[in-house]
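The values are calculated or read from the model by the stated rules, or taken from the named source; none is laboratory data. Everything quoted here is computed from the prediction, not taken from an experiment. Virtual Cβ from ideal backbone geometry, glycine too; neighbours counted across all protein chains shown.
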Amino acid sequence: MTYLWPREKTEEYNIISPPLGDIARTVLSVYSQDFGVFMVFLHSPPDILTRQAQRISSTSRTQTELRHGPVLVSLPCKKYHRTSIQSSWYLVQQTYAAPCQNTPRMEDSIPDSFHSLNHPERMMKKMEAYVSKRQLCDVVLLVGNKRIPAHRLVLSAASDYFAAMFTNDVREATMEEIKMRDVDPDAVAAIVNYAYTGKIALQEDTVENLLSTSCLLQLSEVVEACCSFLMKQLHPSNCIGIRQFADAQGCTDLYKVANTYVMDNFVQVTHNQEYLMLPSEEVCRLLASDDLNVPDEETIFQALVTWAKHDMQNRKKYLSKLLSHIKLPLMSPQFIADHVETNSLFREDKECQALIMEALKYHLLPERRSSFQSPRTKPRKSTVGVMYAVGGIDCTKGATTIEKYDLRLNNWTQVANMSGRRLQFGVAVIDEKLYIVGGRDGLKTLNTVECYDPKRKSWVLMPPMSTHRHGLGVGVLEGPMYAVGGHDGWSYLNTVERWDPQARQWSYVAPMSTSRSTVGVAVLQGKLYAVGGRDGSSCLKTVECFDPHTNKWLHCTPMSKRRGGVGVSTCDGYLYAVGGHEAPATNPTCSRFDCAERYDPKTDQWTMIANISSPRDAVGVCILGDRVFAVGGYDGQQYLQDVECYDPVTNEWSKMAPLCTGRAGACVVHVPHS
């Protein structure tokens, strides 16, 4: 501490600083008015002074604090006096303030305090030393053949279990020796050592004992560390065991991670001993899950057969129950005939034979499939393929990105970019490749066609259409691809072109009876449907279908509303029409629709279904699995990221993961797994 005392009744001061190194006696002068400059004349560098000088007091006992950086300097003097000293001078502080009238005296100032930064660490090392020498210990834990000395205070601070034991009126609170049963001695010793040191070793062969003991003794940090360690050790050969262990210990985070790992790597898991040793109840839970990551249902059937053959004598009685969780109707009829019906495992079981017959009927009588609906006809999420949202209009007026949706993970990822800007184009899927057809680039209407291969991530330019078209609809019917209607930049079109993938050329087929742009196109039961759209004067409610065998268009019952920019798709024998707009609008304040309807070709009738969450047009609609998805759209103010799916069984729409980019007019298509 450095104090400045008056030597005489002048503005000269002596700095008495024990010890101040080179500054044994430094003279300084101060020029001060209501706003002053504090000047120091000294023989040594000023940093020594500024490091050590903390408080300055003048003859009037005005205290001035000197700190690093600008500080408040308050001096009562109004004189100007400077002592001439042959030395360098430095500006130490420059501040502006009014005099302080009520400054406390030096002897009344707040006393200094000291804080040791490593005090907790030093104290714990002391206690660790005491316990290692068995000094001052007040309790001994008896675990197996181990005697573990400790201090009650340390154990209570580290463990809620010991805190409850030692701070409550129980017998153990005063016992000098406490016997602990059903716990691993080495784990308890490691945990007691952790209480003193904050360190614990995690190893593959001991971590499970350590985790279970930490759960018992309620050391949440050790539990978390053990769980993190086990998460890193997950492998197809041990993930089932770790999942079961986490479930038994109530470690929910570890259980979720291990369970997800089992689901993600199910095919590899079934090739390991842990899977073969599972009890029937656990195998049943696995086979019933829709979250298994498998390429097809045949893979799960083979996993069941492998498990059953591992202990045929004792597991045969569970086959019918387990086979009921295999989605036999969704297998190929060839696989059912060659590998299921002829399998000796199921030949003598009547319930198994009934399940096999159900699957065969599903394939033999496709027109009756609606009456065969059951959990076995609902596909697993990983087997339905993926959905792509291609291009559209976004806030930049032209999205060129392509996003992919994974139903099992419920997420969208950007996977590619189109070669250039395209609006109001059509997309179809042939041989798992995406064909981007027509559209406009902002200046002109296009007739070009590009093909994107998701596996190779490559683009190929295809032969162009005969007619330039934007606002067209595209569908694939029995192999060929059809480009329907649209606008050529001058007029609305009723013409239709067909692409033959074998001959690799376009040709015209019979035109529609009505010109249509922004038309919805879908394929249902061997026919191509053209739904709604615009004809240049108004939006349309009319619907017509094309029969490729007669090369004719037939009129169907019209929709309940006029719909331009309508999204259409098919699911379970029905044709769905979602959203859209009406022009001229009967209600100008609400020209976009949130309503949806579906068409039954057997009765030639439309029926209203549940509304989507908000009115929109230019919505992409696509089937994925047994659900109808509505993707993006425009609500009159913004391009939407919203994605919803419709369940025909419950007649309800559910929110799904949103798009990465809000877009309207995106072409949404389904690509099945090969």
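Condition test on residue 284, is it in the same structural domain as residue 340 (by TED's automatic domain parsing) and either under 28 Å from residue 223 (Cα atoms) or modelled with pLDDT of 95 or more (or both)?
Yes.
For region 237-252, give me each residue that is farther than 15 Å from residue 204 by Cβ and in contact with a Ser or Thr (Cβ under 9 Å, 6 or more places away or on another chain).
Across region 237-252, the qualifying residues are 246, 248, 249.
Within 48 Å of the chain's Cα centre (by Cα), in a strand (DSSP E or B), under 25 Å from residue 220 (Cα atoms) and not hydroxyl-bearing (Ser, Thr, Tyr): does that describe residue 125?
No.
Exactly one condition in (1) closer than 27 Å to residue 511 by Cα; (2) at pLDDT 95 or above; (3) surrounded by fewer than 22 Cβ atoms within 10 Å (Cβ to Cβ) is not met by residue 441; state its number.
Checking residue 441 against (1) closer than 27 Å to residue 511 by Cα; (2) at pLDDT 95 or above; (3) surrounded by fewer than 22 Cβ atoms within 10 Å (Cβ to Cβ), the one that fails is (2).
Tell me yes or no: at least one residue of region 524-537 is aromatic (Phe, Trp, Tyr), assigned by TED's automatic domain parsing to the domain that holds residue 429, farther than 22 Å from residue 620 by Cβ and in contact (Cβ under 8 Å) with a residue 24 or more places away in the chain. Talk me through it step by step, then tell me what you get.
Quick first cut of region 524-537, residues aromatic (Phe, Trp, Tyr) only: 529.
Right, trim to assigned by TED's automatic domain parsing to the domain that holds residue 429 and you get 529.
Narrowing the set further to residues that are farther than 22 Å from residue 620 by Cβ leaves none.
Taking every residue of region 524-537 in turn, none turns out to be aromatic (Phe, Trp, Tyr), assigned by TED's automatic domain parsing to the domain that holds residue 429, farther than 22 Å from residue 620 by Cβ and in contact (Cβ under 8 Å) with a residue 24 or more places away in the chain.
In region 398-414, which residues are over 14 Å from residue 666 (Cβ atoms) and either without any contact (Cβ under 8 Å) to a residue 60 or more places away in the chain or not in a loop (DSSP other than H, G, I, E, B) (or both)?
406, 409, 411, 413
Of all residues in region 500-520, how many are assigned to a loop (DSSP other than H, G, I, E, B) and either under 16 Å from residue 537 (Cα atoms) or not assigned by TED's automatic domain parsing to the domain that holds residue 582 (or both)?
Selection size over region 500-520: 6.
Report whether or not residue 608 is at pLDDT 95 or above, aliphatic (A, V, I, L, M) and surrounded by 14 or more Cβ atoms within 10 Å (Cβ to Cβ).
Details: at pLDDT 95 or above: yes; aliphatic (A, V, I, L, M): yes; surrounded by 14 or more Cβ atoms within 10 Å (Cβ to Cβ): no.
Considered against the rule, which asks whether it is at pLDDT 95 or above, aliphatic (A, V, I, L, M) and surrounded by 14 or more Cβ atoms within 10 Å (Cβ to Cβ), residue 608 comes out as no.
List every residue pair whose Cβ atoms sit under 7 Å apart, with the two residues 6 or more apart in sequence or on different chains, where the first one lies in region 557-586 and is part of a loop (DSSP other than H, G, I, E, B) and the second, anywhere, is basic (Lys, Arg) and surrounded by 24 or more Cβ atoms within 10 Å (Cβ to Cβ).
Qualifying pairs under 7 Å: 579/616; 580/563.
Looking at residue 489, is it outside any strand (DSSP E or B), in contact with a Phe, Trp or Tyr (Cβ under 8 Å, 6 or more places away or on another chain) and free of Cβ contacts under 8 Å to residues at least 60 places away in the same chain?
The answer is no for residue 489.
In the set 333, 295, 279, 366, which member is modelled with pLDDT of 95 or more and either surrounded by 16 or more Cβ atoms within 10 Å (Cβ to Cβ) or not charged (D, E, K, R) (or both)?
Only one candidate passes the filter, namely 279.
Test residue 597 against the criterion of being modelled with pLDDT of 95 or more and acidic (Asp, Glu), and give yes or no.
Considered against the rule, which asks whether it is modelled with pLDDT of 95 or more and acidic (Asp, Glu), residue 597 comes out as yes.
Table: residues versus (1) out of contact with any Pro (no Cβ under 6 Å at 6 or more places or on another chain); (2) of a type in the set (Ser, Thr, Tyr).
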{"residue": "321", "(1), (2)": "yes, no"}
{"residue": "335", "(1), (2)": "yes, no"}
{"residue": "340", "(1), (2)": "yes, no"}
{"residue": "343", "(1), (2)": "yes, no"}
{"residue": "362", "(1), (2)": "no, yes"}
{"residue": "370", "(1), (2)": "yes, yes"}
{"residue": "374", "(1), (2)": "yes, yes"}
{"residue": "377", "(1), (2)": "no, yes"}
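If a residue must be without any contact (Cβ under 8 Å) to a residue 12 or more places away in the chain and either in a loop (DSSP other than H, G, I, E, B) or not assigned by TED's automatic domain parsing to the domain that holds residue 514 (or both), how many such residues does region 437-486 contain? Give the derivation first.
First pass over region 437-486, keeping only residues without any contact (Cβ under 8 Å) to a residue 12 or more places away in the chain: 443, 456, 458, 460.
Those left that are additionally either in a loop (DSSP other than H, G, I, E, B) or not assigned by TED's automatic domain parsing to the domain that holds residue 514 (or both): 443, 456.
Result for region 437-486: 2.
Specify which of the listed residues (163, 173, 187) is assigned by TED's automatic domain parsing to the domain that holds residue 220 and surrounded by 18 or more Cβ atoms within 10 Å (Cβ to Cβ).
Sole residue among the options that is assigned by TED's automatic domain parsing to the domain that holds residue 220 and surrounded by 18 or more Cβ atoms within 10 Å (Cβ to Cβ): 187.
All but one of (1) outside the structural domain of residue 369 (by TED's automatic domain parsing); (2) without any contact (Cβ under 8 Å) to a residue 24 or more places away in the chain; (3) over 30 Å from the mean Cα position of the chain (by Cα) hold for residue 317, so report the exception by its number.
Unmet condition: (1).
Taking the conditions exactly as written (under 25 Å from the mean Cα position of the chain (by Cα) and of a type in the set (Ser, Thr, Tyr)), does residue 260 satisfy them or not?
Details: under 25 Å from the mean Cα position of the chain (by Cα): yes; of a type in the set (Ser, Thr, Tyr): yes.
So residue 260 fits the description; yes.
Condition first: in a helix (DSSP H, G or I), closer than 28 Å to residue 229 by Cβ and in contact with a helix residue (DSSP H, G or I) (Cβ under 8 Å, 6 or more places away or on another chain). Can you find one or more residues in region 176-183 that meet it? Show your work before the answer.
Within region 176-183, the subset in a helix (DSSP H, G or I) is none.
No: region 176-183 contains no residue that is in a helix (DSSP H, G or I), closer than 28 Å to residue 229 by Cβ and in contact with a helix residue (DSSP H, G or I) (Cβ under 8 Å, 6 or more places away or on another chain).
For the condition outside the structural domain of residue 572 (by TED's automatic domain parsing), closer than 26 Å to residue 408 by Cα and touching a residue at least 60 places away in the same chain (Cβ under 8 Å), what is the one hit in 272, 293, 265?
When all the criteria are applied, what remains is 293.
Would you mind finding the one in 371, 344 that is more than 27 Å from the chain's Cα centre (by Cα), small (Gly, Ala, Ser) and at pLDDT below 90?
Only one candidate qualifies: 371.
Would you check which residues across region 444-457 are of a type in the set (Ser, Thr, Tyr) and more than 28 Å from the chain's Cα centre (by Cα) and list them?
Listed by number, the residues that qualify are 445, 448.
In region 470-501, which residues are small (Gly, Ala, Ser), surrounded by fewer than 21 Cβ atoms within 10 Å (Cβ to Cβ) and under 41 Å from the mean Cα position of the chain (by Cα)?
Within region 470-501, 479 is the sole residue that qualifies.
Kindly indicate the residue of region 637-674 that is of a type in the set (Val, Ile, Thr) and under 21 Å from residue 434 (Cβ atoms) and also surrounded by the most Cβ atoms within 10 Å (Cβ to Cβ) among those meeting that condition.
Taking the candidates together, the pick is 668.
Just need a number here: residues in region 502-520 that are more than 44 Å from the chain's Cα centre (by Cα) and among the aromatic types (Phe, Trp, Tyr).
1
Any idea how many residues of region 371-381 are out of contact with any helix residue (DSSP H, G or I) (no Cβ under 9 Å at 6 or more places or on another chain), of a type in the set (S, T, N, Q) and surrounded by 12 or more Cβ atoms within 10 Å (Cβ to Cβ)?
Qualifying residue count for the region: 1.
So which strands (runs of 3 or more DSSP E) are wholly in region 603-674 and hold at least 2 residues that are free of Cβ contacts under 8 Å to residues at least 40 places away in the same chain?
Because the criterion is at least 2 residues that are free of Cβ contacts under 8 Å to residues at least 40 places away in the same chain, the strands (runs of 3 or more DSSP E) in region 603-674 that meet it are 643-647.
State all residues of region 392-414 that are crowded, with 22+ Cβ neighbours inside 10 Å and at pLDDT below 95; if no residue qualifies, say none.
392, 399
When you scan region 415-426, how many residues do you find that are of a type in the set (A, V, I, L, M, F, W, C), in a strand (DSSP E or B) and more than 28 Å from residue 294 (Cβ to Cβ)?
1
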